[in-house]
Structures are given as C-alpha cells and as structure tokens.
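Only the coordinates and a few stated rules stand behind these numbers; no lab work does. Because the structure is a prediction, the values reported are computed rather than measured. Heads up, the Cβs are rebuilt from the backbone with ideal geometry, glycines too, and the neighbour counts pull from every protein chain shown.
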Amino acid sequence: MQATQTHYVFTCGEVDLKVTFSAPLFMDDLDLISRPVNYISYEVTSNDAKNHDVDLYFEASPAWALDKPLQEAVLEGFQDDDMVFLKTGSKEQTILGKSGDNVRIDWGYFYLAAEKENTYCSIGQSEALRTDFVEGTKTESLNKSENSGDKLALTRSLGNVNNASGKIMLGYDDIYSIQYFGENLRPYWNRKGDQNIVDIFKKANQEYDQLIERCYQFDKNLMEIAIQSGGKNYAELCALAYRQAISAHKLVETPNGDLAFLSKENFSNGSIGTVDVTYPSAPLFLYYNPELAKGLLNHIFYYSESGKWVKPFPAHDVGTYPLANGQTYGGDMPVEEAGNMLALTAAIARIEGNANYAKKHWKTLTTWADYLVEKGLDPENQLCTDDFAGHFAHNVNLSVKAIMGVASYGYLADMLGQKDIAEKYTAKAKEMAQEWMKMADDGDHYRLTFDKLGTWSQKYNLIWNKVLNLGIFPAEVAQKELAYYLTKQNKYGLPLDNRETYTKTDWIIWTATLADDKATFEKFIDPVHLFMNETVDRVPMSDWVFTDKPNQRGFQARSVVGGYYIKMLEDKLNPNRK
C-alpha cells in the first residue's frame, strides 16, 4: 500500500499475477490531479518455467454510475482509433440532481478502456453482445443494453506466454461536478468545456509509462521523508491517507476565477466545503501545494465577502455536496471556524513567505480576529469540530484555537508591515494565553472545560504555536500535557478526552507532533498504526475510532486524514528543529 499505488500479488495455478492500481495524483499538476482516469496494470509470470495460455478478464457493474442498484442504466461499447471503450450511466441523467450523505452519483458516465489489440468486449448478459473489435474491421458500436443488472467486461487475450504485462484504464466523466451559488461548474480538467473524455483517455494512455515511473518515484520519496520525520509506522499511515484525503474533494474553477477545492463530509452529514473538515485536512495540501490550500478557503472568503453570509465569523459550510449554494448545517461554530480560517491563512503565508493572500481578505480576517478577541477566551455553549460530542461551554481546547487565531492575525499583520496592529494582537494573544493557563490548570495537566476539575482533553490546537513559531504559549504547556497523555493511552491510541474511549486519529497525530523528540512522537503513533492493521471493519479508513477495541466509532473515507502530514509540515517549516 503506497501513496499513489496499491500492489497485489496472486497465484492462479501455474501463473503468478501481479495487479497494481495506480492514481497519479501529483499535486503540482492541477490538470493531472483532476483528470478522472486511473490505471490497473498487470503482469503475469509462469511459476513452472512453462508457457501457458492466459486470458485476463475485467468486469464492472453499472452500479459505478448509479445511486441505487435498481435504477435503469444504459451500457454501450465503441472503439476510437486504437482503443476500445465500454461505457455506462443512468438512463435518466439528472445532472446535479441529488445531494446528501451516503448518496452516489447517478449522472455522467463510467468507462473501462483498453488498447484494441487482443481485447474482447462484452456488455449485458449475452454473448451476442460481444464484439472482437478485430484489427481491420469497422465495428461502430456494441448494441446498447438497458439493464442495471448487466455488466461491462474486457478480456485481454495474452496468448501462450511465459511472461506478459499490460494495463487497462478506468474513468468517470461527471459532465458537471458542482453547483456553486446557482451556477453549474464543470470539473477542473474540463473547466472551459473544450475537452472530452475520450481524448483524455488517449492522453492518459500516451503518458502511462512516464506517469507510472513518477508514481514509483513519488511513493519511494514520500516513504523516505516520512520515515525520517516520524518513523516507519508514521510513514505507512501517511501513505494510507494520501489518496483518500485528495479524493474526498472536487476541484473546480469558480466564476470569478478562484480555485475551489471542495471537500465532502463523507459518512458525517454530507456538507460541502466544511471549514472544520478543511482545518484537519490542510497539512497535506500546505505541504505539497499552497494553491490547493487556498482552494480549501476561497469559497468561505467569497461567501462572506459577497454579502451572502453576514455574520462576524465564518460559515460552517457552503451547502450539501454537490450543491454549494449556502450553509445548510443546522448550527454555527463561531469560534471554531474563525480560529480555523485565521490559522490556515497564516500557515499559507508561512509556506509562501509572504502574506499577499491574507492582504486580499484583510477586512474579513480583521472581523473574525476581533470576534475571537471578544468571544474566544471562554467560549459560550457552542459546537466545535468534535461536534459528535455535542455542545458544551468553557471548552479549553476551543479556547486554544481562539488564541491561535488571534495570534495568527498578529503574525499576518507583522508580515504585512502593520507593526502596531501586529503588536496589539500578539500581545492580546499572549495575555489570553496567560489567563488560559490559570483558568485551565489542573495540577499535572490542563482541563477539558474551565469549570470542571479532574477532566482532561487533547489540546491539539496548540500545534500552531509550534508550527508557526508564534511563541504565545510557553513550551512547558505542551510538554506537561504530553507527559499526562502518556498515562491515558489505550491499546489503540489516546482517547479524545476523559468522557469516552473513542478518539480522532488525525488529532492524535497533531498532539504527537507537539513532542520535541521522535521517541515520544512514536509512542502516540504506534497504537494508531496497530489499529489500522488490526481493525475488523472493512471500510475506507476511519478517523473516528475506539481506543480499546479494533472498531470504528463512525466516519470513513474522509479528507481529514490529510492531517497526518502535520509532522512532515512542521519539519519542512522548521528544519533546524529536527
């Protein structure tokens, strides 16, 4: 299991089969990262030194392009130049007609494709619909089938071989991806409407060799860097998170030319562009391409600056995926989202070495910073990103986020040369931090809420004090917390707080990154790695899991695992601290 590839090895009698699934998600190339075509590569090798007659059969279901299995589907096959294509989609084709969580796309078309030579195609259930697309014949199309119980199948006939290799491709053309404040937007790869999916498949076919070589090199480099940063177990978690974190987003260009990299809250509530999902996922994108990090924030800035959102703190979301027409979440998270937006804007400035992005949104950032100055130290009864735990007041970790937000504003003002403003807000953040230390003190650790003795929680929001070198909290605050956490760990990790045995794996890695040495960091990482190896739940990686048993508590396939890259980000920004 690697960042861009998953490798399988099978034995089929006298033949060994290697199968590799490859997704060339390189974040320095936005057209490539949004290209909806991936590869399944294969290699067959005789294990008895003899030749064998080998066919490889690939089958897919119309379910790829349907929300529910009994919807009517259309299937067809066709050839174009030296490639064959199988295509399926819903008969109805109601584009952007559904929104919500645990809902599958049922517009656009799924494709299987391969080079024509020695490829046989079939659709439906009948061999009568099979065609050979033999070289030199002119077969326009397979007969269309209209049954969602049918199948698409490609057979590659490799002949009498000792060793052979090749590939097929699969892809999805969603036609329109997102509705953005009333306007339907195409996917980024076809943002101008001048591309077509068949040509994109051909391009992917031509670039296969170079892209696969890049995949191997990228995967190797990532493992080396991550092992150096946090150890082998940490590196394996980063590799596991890479594709999931990227794929839980959709990349589009908005009508005003902004990049929008919109997340979906999978198996949570289906929100699109959620700020407190962006916050934990951002380290991956900050690390590899700050333009994508801006794409995580642009829609929230637009929502406020367009006058569509008029509250003095950011919205929670901009709709329910894939309809980004305005917040649909039932409540606000005022301190949470204001702190998130300010901290991430500061992180972008740190990565880029300038605060030009912040300058574009200065009035909005000022409004949010002032809200945190007024309301952030001792938050009222409101939700934070861990909203599954419910509302509660006097949240100590949420207060840290507010303080980091105020400090981030001071940091940005300093980068912009506004020294008086920088000094004012930085001093305010330090004053708030000193108050926090008194209010949250519980002897050998700090509390869950200011008003409850004998409680504790992970203070993962402290990480920006370290990553951005803000100097707001004394270093001993984090070290006192870490020593206490080590007494609270279970087999599969550190609980989120004293109330439950469940945890959030992204927050554990943020908490672990507060450690000053690799050995302490790894003490927090190893139980998470153990969970991912031993969990009995066969689902895309969950970020909300129990620490005392190998089960998920909820959530899966979410973007927040991009937060695993916080340690690599910290090392990149502060190389002398390694």
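Cut-off under 12 Å on the C-alpha distance; same-chain residues fewer than 8 positions from Lys401 excluded. Which aspartates and glutamates are left, in chain and number order?
Asp276, Glu336, Glu337, Asp378
For the stretch 496-578, calculate the relative contact order in percent as a whole number, restricting contacts to Cα pairs under 8 Å that are 6 or more residues apart.
Numbers: 101 pairs, mean separation 26.0, N = 83.
Relative contact order, the stretch 496-578: 31 percent.
What is the total of Lys pairs in the stretch 197-318 with C-alpha atoms under 25 Å apart, excluding same-chain pairs fewer than 8 positions apart?
Close lysine pairs found across the stretch 197-318: 11.
Could you pull out the trypsin sites (Lys or Arg not before Pro) across the stretch 158-250 that fall in loop regions by DSSP (anything but H, G, I, E, B) with no more than 14 other Cβ atoms inside 10 Å?
Values: sites: Lys167, Arg191, Lys192, Lys202, Lys203, Arg214, Lys220, Lys232, Arg243, Lys250; in loops: Arg191, Lys192.
Counting only loop positions with at most 14 other Cβ atoms within 10 Å, the trypsin sites (Lys or Arg not before Pro) in the stretch 158-250 are Lys192.
Which value, in debye to the nearest 20, gives the size of the charge dipole of the chain about its Cα centre, when Lys and Arg are +1 and Asp and Glu are -1 at the Cβ?
Working: 59 positive and 79 negative charges, 231 e Å.
Taking the Cα centre of the chain as origin, the dipole is about 1100 debye.
Taking the Cα centre of the stretch 270-355 as origin, work out the dipole magnitude from +1 charges on Lys and Arg Cβ and -1 charges on Asp and Glu Cβ, in debye rounded to 20.
Working: 4 positive and 8 negative charges, 22 e Å.
Computed about the Cα centre, the dipole is about 100 debye.
Through the Karplus equation 6.51 cos²θ - 1.76 cosθ + 1.60, θ set to phi - 60°, convert the phi angles of the stretch 49-56 into ³J(HN,Hα) values in whole Hz; use x for Gly and Pro.
In residue order, the calculated couplings are 6, 10, 7, 9, 7, 10, 10, 10 Hz.
Ordered by packing density, taken as the mean number of other Cβ atoms within 10 Å over each peptide's residues, highest first, how do 47-58, 537-548, 415-426, 327-338 rank? Present the calculation step by step, with values, prior to reporting the outcome.
Numbers: 47-58: 13.2, 537-548: 18.4, 415-426: 15.9, 327-338: 21.2.
The peptides rank, most packed first, as 327-338, 537-548, 415-426, 47-58.
Skipping prolines and chain starts, which residues have an amide H placed within reach, meaning under 5 Å, of the one on Leu25, given they are 5 or more residues away or on another chain?
Under 5 Å from the amide H of Leu25 lies no amide H from a residue far enough along the sequence or on another chain.
If the cut-off is 16 Å between C-alpha atoms, which lysines fall inside it for Lys151, apart from same-chain ones fewer than 8 positions away?
Lys68, Lys87, Lys91
Defining a contact as two alpha carbons under 8 Å apart and six or more residues distant in sequence, what relative contact order in percent does the stretch 274-425 show?
Values: 231 pairs, mean separation 33.0, N = 152.
Across the stretch 274-425, relative contact order equals 22 percent.
When the Cα centres of the stretch 199-252 and the stretch 308-349 are compared, how far apart do they sit, in Å?
29
Compute the relative contact order of the stretch 1-130 as a whole-number percentage, counting only Cα pairs closer than 8 Å that sit 6 or more residues apart in sequence. Please list the in-between numbers first.
On the way: 192 pairs, mean separation 21.5, N = 130.
Contact order relative to length: 17 percent.
Taking the mean number of other Cβ atoms within 10 Å as a proxy for protection, how do you rank 158-166, 88-96 from highest to lowest? All intermediate terms of the calculation are to be shown ahead of the outcome.
Working: 158-166: 14.2, 88-96: 17.2.
Taking the mean over residues of other Cβ atoms within 10 Å, the ranking is 88-96, 158-166.
Once phi is turned into θ = phi - 60°, what whole-Hz ³J(HN,Hα) does the Karplus curve with 6.51, -1.76 and 1.60 give for every residue of the stretch 458-472, x standing for Gly and Pro?
5, 9, 5, 5, 5, 4, 6, 4, 8, 4, 9, 6, 6, x, 8
Please work out the Cα center distance from the stretch 422-465 to the stretch 18-32, rounded to the nearest Å.
42
Provide the per-residue ³J(HN,Hα) series for the stretch 280-287, in order, calculated from phi with Karplus coefficients 6.51, -1.76, 1.60 and θ = phi - 60°, each as a whole number of Hz, with x at glycine and proline positions.
For the stretch 280-287, the Karplus curve yields x, 7, 4, x, 4, 7, 4, 5 Hz.
Around Asn102, under 15 Å between beta carbons, what's the net of Lys plus Arg minus Asp minus Glu among the other residues?
Details: positive: Lys68, Lys98, Arg104, Lys264, Arg558; negative: Asp67, Asp101, Asp106, Glu265.
Charge balance in the 15 Å sphere: +1.
Put +1 on the Cβ of every Lys and Arg and -1 on every Asp and Glu Cβ in the stretch 204-274; which of Cys215, Asn205, Leu237 then has its Cα farthest towards the positive end of the dipole?
Leu237
Would you indicate which of (i) 25.6, 82; (ii) 33.4, 121; (iii) 27.0, 117 is the value of Rg and Dmax of the Cα atoms in Å derived from the coordinates of this structure?
Looking at Rg and Dmax of the Cα atoms in Å for this model, the match is (i).
Just tell me which lysines come within less than 19 Å, Cα to Cα, of Lys549; anything on the same chain fewer than 8 places away is out.
Those lysines meeting the cut-off are Lys488, Lys491, Lys504, Lys523.
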